[in-house]
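Quick note: the coordinates plus some simple rules give every number you see, no bench work behind them. Values in this document were obtained by computation on a predicted structure and should not be read as measured data. FYI the Cβ positions are ideal-geometry reconstructions off the backbone, even for glycines, and counts take in every protein chain you see.
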């Protein structure tokens, strides 16, 4: 069981969840990155490169 760092909701990670995987919080919809067995952080937002 992990906790959403944005809203504090409990999130159950399936056994085959891998580190670096991006999941969504069911409560607030935030994109979260799995950083460990039971730890999450807010996923980094990709920046537009505007063709550069």
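Considering all projection directions equally, how large on average is the shadow of the alpha-carbon convex hull of the chain, in square nanometres?
If I average the Cα hull's projected area over directions, I get 4.2 nm².
How do 28, 4 line up, fewest other C-beta atoms within 10 Å first?
Ordered by Cβ neighbours within 10 Å, fewest first: 28, 4.
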